[in-house]
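Readers should treat all values here as calculations from the given coordinates under stated rules, not as data from a laboratory. Keep in mind the model is a prediction, meaning the values are calculated, not measured. Glycine also receives a Cβ, built like all others from the backbone with ideal geometry; neighbour counts cover every protein chain displayed.
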Amino acid sequence: MPPLPTTPSFDLTGRRVLVTGASSGIGLGCAVAMAEAGAEVTCVARRPDPLRAAVDQITALGGTARAVPCDIADLTQLAALFDGPDAFDVVINAAGLARHTKATDTTVQDFDDVMAVNLRAAYFLSQNAAKALQAKGRGGAIIHVSSQMGHVGGPERAVYCASKHALEGMVKAMALEWGADGIRINTLCPTFVKTPLTEPTFADPEKRAWINAKIALGHPAEVQDLMGAALFLASDAARMVTGTALMVDGGWTAA
């Protein structure tokens, strides 16, 4: 009888991980998950004080993390993240921007601001990460926090949906280009998640009822619901997963 197969490891000991949007919400959850799995985590966000506070909490719990304040919409600052002598084994992009208005009310500035973070920065973050890995001759994982709105539409979300649908197509194309190099790239697509940024949405009874009615499981997600999914995509357990979207939407897109 042949030997039994072994379960792939979720251990990230010895791996370098970059997480953007790491000062709060989903990004912070991803940074914690990576640190708990043994990775050395570089935490990136625009606001230095909350970022450093988050890193202090991670290190206080025994994780290895450092804070690098950076606005990834500034491509010069973004490129500087990859100036070091080594490549990041895993890059998780959880930075994002939303400007929810009716399509007829969208301003050019709103459009440009959303695209600058959700698509332009995501594109060049991926490019920099892949080039660094290729220069070292090794594979790695790139994970973009996308959205269920990258697969469906939503009221007052035309610009946001446009940015996330484009992100999904970008990831598929990059997966085809970089697969031979062992570089995997995927998206993580949550439904509405309870974070400080979404508190105003959940405070509105009408919006809260609409959200709960659209989710098959009947309730929104917590940050913890994304942490295991991110760890899976970052780990060897997902070594055959690339160019795809991992839906963590409670069934929203199943309809």
Note to self: Helix 48-60 against the longest principal axis of the chain: what's the angle in degrees, Cα atoms only, rounded to the nearest 10?
What the structure shows: 50
Margin query: Under the rule a/c < 1.5 gives rounded, and otherwise a/b versus b/c splits prolate from oblate, where does the range 50-136 land using the Cα gyration tensor?
Written below: oblate
Next item on the list: Go through the range 96-108 residue by residue and turn each phi into a ³J(HN,Hα) via Karplus (6.51, -1.76, 1.60, θ = phi - 60°); whole Hz please, and just put x for glycine and proline.
Entry: x, 9, 10, 10, 8, 8, 4, 4, 6, 9, 5, 8, 4
Next item on the list: Rank Gln224, Ala209, Trp252 by how far each Cα sits towards the positive end of the charge dipole of the range 198-255 (+1 on Lys, Arg Cβ; -1 on Asp, Glu Cβ) and give me just the farthest.
Entry: Trp252
Notebook entry, point to check: Tell me, what ³J(HN,Hα) does each residue in the range 179-194 have, in order and in whole Hz, if you take phi through Karplus 6.51 cos²θ - 1.76 cosθ + 1.60 with θ = phi - 60° and put x for Gly and Pro?
Noted result: x, 5, 8, x, 9, 9, 9, 9, 10, 10, 10, x, 7, 5, 10, 6
Next item on the list: Please report how far the C-alpha centroid of the range 104-129 lies from that of the range 186-200, rounded to the nearest whole angstrom.
Entry: 18
Note to self: Based only on other Cβ atoms within 10 Å, what is the fewest-to-most ordering of Glu156, Glu36, Glu199?
What the structure shows: Glu199, Glu156, Glu36
Item checked: Set Lys131/Lys194; Lys172/Lys194; Lys102/Lys194; Lys164/Lys207 screened for pairs whose C-alpha atoms are more than 32 Å apart -> Lys131/Lys194
Checklist line | Net lengthening on full extension, Phe111/Thr59 (0.36 nm per residue, minus Cα-Cα) | finding: 15.0 nm
Checklist line | Solution diffusion estimate, µm²/s, Stokes-Einstein, the range 1-62, Kirkwood Rh from C-alpha pairs, 20 °C, viscosity 1.002 mPa s | finding: 171
Note to self: Taking the number of other C-beta atoms within 10 Å as the exposure measure, put Lys164, Lys102 in order starting with the fewest.
What the structure shows: Lys102, Lys164
Next item on the list: Return the whole-Å distance between the Cα centroid of the range 225-255 and the Cα centroid of the range 36-59.
Entry: 23
Note to self: To test your reading of the geometry: what angle, between 0 and 90 degrees and rounded to tens, separates the Cα axis of helix 122-136 from the longest principal axis of the chain?
What the structure shows: 0
Next item on the list: With θ set to phi - 60°, apply the Karplus curve 6.51 cos²θ - 1.76 cosθ + 1.60 along the range 8-25 and write out the HN-Hα couplings as whole Hz, x wherever there is a Gly or Pro.
Entry: x, 7, 9, 6, 10, 4, x, 9, 9, 10, 10, 10, 8, x, 8, 7, 6, x
Next item on the list: Between Ala162, Ala60, Ala22, find the one with the highest GNM mean-square fluctuation for the chain; connect C-alpha pairs within less than 10 Å.
Entry: Ala60
Next item on the list: Match the structure shown to one of the listed values (1) 18.0; (2) 18.6; (3) 20.2 of Kirkwood radius over Cα pairs in Å, computed from it, and give that label.
Entry: (2)
Next item on the list: Go through Gln127, Ala60, Ala103 and say which Cα lies farthest out towards the positive end of the charge dipole of the range 50-133; charges sit on Cβ, +1 for Lys and Arg, -1 for Asp and Glu.
Entry: Ala60
Next item on the list: Any chance you could give the angle, 0 to 90 degrees and rounded to 10, that helix 205-214 forms with the longest Cα principal axis of the chain?
Entry: 60
Margin query: Give the separation of the Cα centroids, the range 136-169 to the range 201-221, in Å.
Written below: 22
Checklist line | Which of His219, His165, His100 has the fewest Cβ neighbours within 10 Å, and the rest in rising order | finding: His219, His100, His165
Notebook entry, point to check: Counting Lys +1, Arg +1, Asp -1, Glu -1, what net charge surrounds Pro48 among other residues with beta carbon under 13 Å of its beta carbon?
Noted result: +1
Notebook entry, point to check: Under unit Cβ charges (Lys, Arg +1; Asp, Glu -1), what dipole magnitude, rounded to 20 debye, does the chain have relative to its Cα centre?
Noted result: 280
Check: For Thr201 and Gln77 in the same chain, what is the full-extension length gain: residue separation times 0.36 nm, less their Cα-Cα distance, in nm?
Finding: 41.5 nm
